[in-house]
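Here's the structure, in structure tokens; my notes come after.
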Amino acid sequence: MSTIAENIAKVRERIREAAQASQRDPEAVGLLAVSKTKPAAAIREAHAAGQHDFGENYLQEALAKQAELADLDLVWHFIGPIQSNKTKPIAEHFHWVHSVDRLKIAQRLSEQRPAHLPPLNICLQVNVSGEASKSGCTPEELPALAQAVTQLPRLRLRGLMTIPEPSDDPQAQRVPLARLRQLRDALQADLDALSMGMSQDLEAAIAEGATWVRIGTALFGARDYGSPH
Ligand SMILES: *Cc1c(COP(=O)(O)O)cnc(C)c1O
């Protein structure tokens with residue numbers, strides 16, 4: 001089994017090759033290490049290998065790990081579904097939220113963002129594959145939501161996020177990713193972030209303009225959902 005440091009090196013190499021293949025600057029693609037269900041020790045190991053940005057989906061689990069890792073200088077991204085009664089700790093303990101899909105959540109995050117912290121970086125999650133079960137606003141809802149979020153004083157709208165339907169076919173993978181980029185471009189706002197691409201489709205995502213790839217399995221191994229998180 002490879003170590004986390006070896007996996008980070010491999011993923012960074014995949015990012016570099018994919019960026020070069022699209023004449024993009026590899027530095028323009030951020031690696032977000034998705035550490036959900038993984039222990040604080042795994043994050044510590046990744047940090048020792050030069051990783052600073054970490055993505056978490058489950059609030060209680062994330063807060064426990066943040067407390068354990070308070071001695072490290074880490075950038076925390078919330079990427080999971082958000083219930084409205086959980087917005088306050090998210091506004092207090094994260095630097096980015098990638099999974100905002102309705103105005104009520106955005107309003108609460110803005111109201112609850114502590115005054116001593118900079119505005120919270122926001123990506124709006126869009127459901128581009130149109131699956132009924134997935135979170136995310138519809139492409140039709142996006143322009144009004146984006147317009148409203150830009151008015152919220154304690155948020156900084158950075159861009160869009162999507163979780164497409166999984167596919168093994170690199171060409172098919174690109175369709176929803178291209179759609180997210182088109183939706184971003186059509187907003188005519190100054191949005192620099194496209195959060196898309198996971199372990200399976202990071203090459204397709206980089207080809208379509210991703211600025212954050214969210215990588216879990218390829219860094220930390222398969223997740224065990226049998227244990228409580
Ligand atoms: C779990 C998760 C990931 C990471 O997926 P992998 O396939 O393990 O790389 C990325 N984004 C979100 C929103 C996730 O929930």
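Within the range 192-210, being away from the ligand (no atom under 11 Å from the Cβ), open to solvent by 20 Å² or more (accessible area, probe 1.4 Å) and either assigned to a loop (DSSP other than H, G, I, E, B) or touching a Phe, Trp or Tyr at 6+ places or on another chain (Cβ under 6 Å) (or both) holds for one residue alone: Asp192.
Which of the residues belonging to the range 211-225 are free of Cβ contacts under 8 Å to residues at least 40 places away in the same chain and either in contact with a Phe, Trp or Tyr (Cβ under 9 Å, 6 or more places away or on another chain) or among the hydroxyl-bearing types (Ser, Thr, Tyr) (or both)? Reasoning before the result, please.
First, pick out the residues of the range 211-225 that are free of Cβ contacts under 8 Å to residues at least 40 places away in the same chain: 217, 222.
Answer for the range 211-225, where residues must be free of Cβ contacts under 8 Å to residues at least 40 places away in the same chain and either in contact with a Phe, Trp or Tyr (Cβ under 9 Å, 6 or more places away or on another chain) or among the hydroxyl-bearing types (Ser, Thr, Tyr) (or both): just Thr217.
Of the candidates Leu59, Leu69, Leu63, the single residue that is more than 19 Å from the chain's Cα centre (by Cα), closer than 30 Å to Ala5 by Cβ and touching a residue at least 24 places away in the same chain (Cβ under 8 Å) is Leu69.
Among the residues of the range 22-49, count how many are touching a residue at least 40 places away in the same chain (Cβ under 8 Å), open to solvent by 80 Å² or more (accessible area, probe 1.4 Å) and of a type outside the set (D, E, K, R). Total satisfying the criteria: 1.
For the range 211-229, filtering for residues that are under 14 Å from the mean Cα position of the chain (by Cα) and more than 12 Å from the ligand (Cβ to nearest atom) leaves 1. Restricting the range 50-75 to residues that are closer than 13 Å to Leu32 by Cα, outside any loop (DSSP other than H, G, I, E, B) and within 14 Å of the ligand (Cβ to nearest atom), which is most open to solvent (accessible area, probe 1.4 Å)? Looking at the filtered set, the residue picked out is Asp53. Checked against the criterion of being within 15 Å of the ligand (Cβ to nearest atom) and touching a residue at least 24 places away in the same chain (Cβ under 8 Å), the range 178-188 contains one or more residues that satisfy it.
Of the residues making up the range 218-229, none is surrounded by 16 or more Cβ atoms within 10 Å (Cβ to Cβ) and among the basic types (Lys, Arg). Of all the listed residues (Phe94, Phe78), the sole one being free of Cβ contacts under 8 Å to residues at least 24 places away in the same chain and within 20 Å of Leu32 (Cα to Cα) is Phe78.
The values are calculated or read from the model by the stated rules, or taken from the named source; none is laboratory data. Since this is a predicted model, take the numbers as computed values, not measurements. In this analysis, Cβ positions are derived from the backbone assuming ideal geometry, glycine residues included, and neighbour counts consider all displayed protein chains. Quick note on the areas: whole protein, heavy atoms, side chains included, nothing else; ligands and nucleic acids left out. Shrake-Rupley method; radii C 1.70, N 1.55, O 1.52, S 1.80 Å.
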